[in-house]
1. For segment B:188-214: of the residues being closer than 30 Å to residue A:220 by Cα and under 13 Å from the mean Cα position of the chain (by Cα), which is surrounded by the fewest Cβ atoms within 10 Å (Cβ to Cβ)?
2. Return the residues of segment A:64-89 that are of a type in the set (Phe, Trp, Tyr) and either touching a strand residue (DSSP E or B) at 6+ places or on another chain (Cβ under 9 Å) or open to solvent by less than 40 Å² (accessible area, probe 1.4 Å) (or both); say none if nothing qualifies.
3. Of the residues that make up segment A:188-204, is at least one in contact (Cβ under 8 Å) with a residue 24 or more places away in the chain, facing chain B (nearest Cβ under 10 Å) and more than 30 Å from residue A:53 (Cβ to Cβ)?
4. Among A:166, A:171, A:92, which is the only one that is open to solvent by 30 Å² or more (accessible area, probe 1.4 Å), within 26 Å of residue B:207 (Cα to Cα), of a type outside the set (A, V, I, L, M, F, W, C) and part of a helix (DSSP H, G or I)?
5. On the basis of being in contact (Cβ under 8 Å) with a residue 12 or more places away in the chain, under 30 Å from residue A:47 (Cβ atoms) and in contact with a helix residue (DSSP H, G or I) (Cβ under 9 Å, 6 or more places away or on another chain), does residue B:115 make the cut?
6. Any residue in segment B:88-103 that is in contact (Cβ under 8 Å) with a residue 40 or more places away in the chain sitting within a Cβ distance under 7 Å of a residue that is among the hydroxyl-bearing types (Ser, Thr, Tyr)? List the pairs, counting only those 6 or more apart or interchain.
7. Limited to segment A:174-187, what total is found for residues that are open to solvent by less than 20 Å² (accessible area, probe 1.4 Å) and more than 17 Å from the chain's Cα centre (by Cα)?
8. Would you call residue A:157 over 14 Å from residue A:112 (Cα atoms), in contact (Cβ under 8 Å) with a residue 40 or more places away in the chain and open to solvent by less than 20 Å² (accessible area, probe 1.4 Å)?
2 protein chains.
Amino acid sequence: MNNRRSSPPSAAKTIVPSASPWRASRERLHDREVKRDAVIRAAAREFNRKGYHNTSLDDIAARLEVTKPTVYYYVTSKEQLLFECFVAGVEQIRAAFRDVRELSVPARERLNAVLRHYGEAVASEFGWCMVRAEDQDLSPAMSRHIKSLKSEIDHGIRRLIREGVQDGSIQPCDPKMTAFALAGALNWIAHWYREDRSLTGAQIAEAFVAIFEGGLRPRGSVSRLVRAPLPRRRARGAMAR
Amino acid sequence: MNNRRSSPPSAAKTIVPSASPWRASRERLHDREVKRDAVIRAAAREFNRKGYHNTSLDDIAARLEVTKPTVYYYVTSKEQLLFECFVAGVEQIRAAFRDVRELSVPARERLNAVLRHYGEAVASEFGWCMVRAEDQDLSPAMSRHIKSLKSEIDHGIRRLIREGVQDGSIQPCDPKMTAFALAGALNWIAHWYREDRSLTGAQIAEAFVAIFEGGLRPRGSVSRLVRAPLPRRRARGAMAR
């Protein structure tokens, strides 16, 4: 943005002559999209840093060095901003589902590709909003919308697991519990990644996929699912200390 | 408790004669502990239902059909109640660590036993407090205490993973990322278990351990960690929709 500002307008005109009003219109539209994205990203960063309820539109405007009416030009409310942050993160996962749909590789590889994008999305600035938007006090309509998008992702993962069990690339398992375990591990990244950034989002996603794929039990070892003969703690013991 | 109330006091005296004032003292102490546990459990259920900030000590007293001063007899503040709920859940995991310490079974089996208790604890009424206590506005001292207990659990899991890699019962892996993936999957139970109680906590824990152990890739298949040849989405695409 600074670069664009610093180049003289006449020079820009020489390089990219505006041959048609349609093109200029497209450019304006693109400019608006870029600015709207900047507003959403700024909101995501403030929500990350201070939490949704502690963040005001003034904070977001201040971060962008604009006025609050400028922010209102792009979104109607703070609630909408949270929703847009949620969607921006979730859209990365939905796009991954679309990308893998036509690939002729085993379902496990398609699932892994989706999980990588999922992990990267949760490690992005939108991660907090993706996993915590539902906890905020949102309107019933917005809560429903968020729930339905989450449900779409959940069912997409279950579907890939079922396809993997069918094509033999995934160990027979309970698709629902497996989807919950995978999504839980990935969602939890949003809780610890703010404090521990020793790896990039892509590295974390890759490490998690390797863990999900391989499992803890060494490959080639005798298959055992023996339980350790442990005394089971019961309710009374739960509180004793 | 209703049973105890309905049996006549004289009958109880006949069965268990109070032979010494020390025994009576122990009984009073036990009685106090039982009541304190009831206060903590009632708090956990209210926090689950309404969230920490929306729950008052009056709500907790009302649930127990006692007065607020009675609640104050057992805890000093709402903050302490949250902490006690957190500790009650976490203590189930710490107890599991103690139980497995002396067992002469491979580390993976000891880890699995801990993970089972972990899963059950998160599915218990203390689950929400265990995974969300840190997000509340707590005093710095209490936050530090909670963080240090969480860190103890985290490091306990990493240690069992390292021991498992050493004794050959766990596939060589990054102990930190693996611990984060396992704990994340288990912690997330607190988010969905309130709405979906189709399985018991023990069943979920068992299902998760099977998933962690076995991994998605079928046993006996050729070891492949080939990545699907997917276009990687970048920042621009992240927001486009």
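The values are calculated or read from the model by the stated rules, or taken from the named source; none is laboratory data. Computed from a predicted structure; not experimentally measured. Counting neighbours? That spans all protein chains shown, and the Cβs are built from the backbone with ideal geometry, glycine included. When the accessible area is computed, the model is the full protein with side chains, heavy atoms only, and any ligands, DNA or RNA have been set aside. Shrake-Rupley method; radii C 1.70, N 1.55, O 1.52, S 1.80 Å.
1. Checked segment B:188-214; the qualifying residue surrounded by the fewest Cβ atoms within 10 Å (Cβ to Cβ) is B:202.
2. Selection gives A:74, A:83, A:86.
3. Looking for residues that are in contact (Cβ under 8 Å) with a residue 24 or more places away in the chain, facing chain B (nearest Cβ under 10 Å) and more than 30 Å from residue A:53 (Cβ to Cβ), one finds at least one in segment A:188-204, hence yes.
4. Details: A:171 fails: part of a helix (DSSP H, G or I); A:92 fails: within 26 Å of residue B:207 (Cα to Cα).
Going through A:166, A:171, A:92 in turn, the sole match is A:166.
5. On the way: in contact (Cβ under 8 Å) with a residue 12 or more places away in the chain: yes; under 30 Å from residue A:47 (Cβ atoms): no; in contact with a helix residue (DSSP H, G or I) (Cβ under 9 Å, 6 or more places away or on another chain): yes.
Answer is no for this residue.
6. Close Cβ pairs satisfying both conditions: B:89/B:124; B:93/B:118.
7. 2
8. When the stated conditions are applied, residue A:157 does not pass them.
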